[in-house]
Amino acid sequence: MKMELRKMELEAEVRRAEREAEARKAEAEARKADLEAEKEARKLEAETRKLEADKEARKLEAEARRAEREAEARRAERKAERETRKMELEMELKKIELQARVQGGDDESGTTGIEGTTAAASDHSLTGRTKKFGDALRHVLPHMPSEHAELPQFFDTVEKLFTIYQVPADVQSKLLIPILSSQSKTIIGRMTSDDLMSYDKVKQFLLT
């Protein structure tokens, strides 16, 4: 009887052990399934982020190309405007030079059209000479452009006109300052009075 009872106990223990083993196996398989699912989820998330990053990179690249095209178009437009302005100034200079030659052709008086003006010609003071040349060049001198890249051409044109009209050096800065832009007039306010008397110093101050 005891043997039978012991046998039954052992069989129960074996069955219990088997059930526990099955439960542990099922738990392990469930854990493995959870890990696989988590791994797949992370993989999917990484792929999604990569796709979004690629999409954003393509978008930024397209925007950069568009911005470059727009900048290139603006540069081409400004260049065309400068070339057109340069041609206009050259034509105007040729016209002015021709007019100056015609006005300066009076061999009997020995003076140019500017030097032969009536009341101003007799006034050799700085103020009188500034007024004389200012009146002569009032509708001839170009206004200062807003683009810094156009300043060398602007000064070249002004200097050619000074040469054509034989403007004295001590008068040149006084004719230059009125045609400067408002911003440039503010900038040269930092210069000394002596430096403002020099055309070359004003020019270099604005170009640097």
**Near pairs, Cβ below 6 angstrom, 6+ apart or cross-chain, from segment 26-43 (of a type in the set (A, V, I, L, M)) to any residue that is modelled with pLDDT under 90 and surrounded by 10 or more Cβ atoms within 10 Å (Cβ to Cβ)** = none
**Asked** Right, Arg101: surrounded by 10 or more Cβ atoms within 10 Å (Cβ to Cβ), closer than 22 Å to Gln153 by Cα, at pLDDT below 90 and out of contact with any Ser or Thr (no Cβ under 7 Å at 6 or more places or on another chain) or not?
**Response** no
**Request:** Considering each residue of segment 104-142, count those that are under 45 Å from the mean Cα position of the chain (by Cα), at pLDDT 50 or above and closer than 18 Å to Ile164 by Cβ, and give that number.
**Result:** 13
**Message:** Cβ contacts < 7 Å: first residue surrounded by fewer than 17 Cβ atoms within 10 Å (Cβ to Cβ) and of a type in the set (Gly, Ala, Ser), restricted to segment 146-168; second residue at pLDDT 90 or above and part of a loop (DSSP other than H, G, I, E, B), any location; separation 6+ or different chain. Result?
**Reply:** Ser146/Ser181
**Prompt:** Among the residues of segment 169-183 satisfying the criterion of being within 22 Å of Glu147 (Cα to Cα) and among the aliphatic types (A, V, I, L, M), which is surrounded by the most Cβ atoms within 10 Å (Cβ to Cβ)?
**Reply:** Leu176
**Request:** Would you point out the residue of segment 146-173, among those that are in a loop (DSSP other than H, G, I, E, B) and modelled with pLDDT of 90 or more, that is farthest from Ile187 (Cα to Cα)?
**Result:** Gln166
**Complete:** Within segment 184-198, the residues that are touching a residue at least 12 places away in the same chain (Cβ under 8 Å) and within 21 Å of Ala149 (Cβ to Cβ) are Ser184, Ile187, Ile188
**Asked** Pairs under 7 Å by beta carbon, first residue surrounded by 10 or more Cβ atoms within 10 Å (Cβ to Cβ) and of a type in the set (S, T, N, Q) in segment 49-73, partner in a helix (DSSP H, G or I) and modelled with pLDDT under 90, six or more apart or different chains?
**Response** none
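The values are calculated or read from the model by the stated rules, or taken from the named source; none is laboratory data. Only a predicted model underlies this, so the values are computations on that prediction, with no experimental measurement involved. Ideal geometry is used to build each Cβ from the backbone, glycine not excepted, and the neighbour counts take in all protein chains shown.
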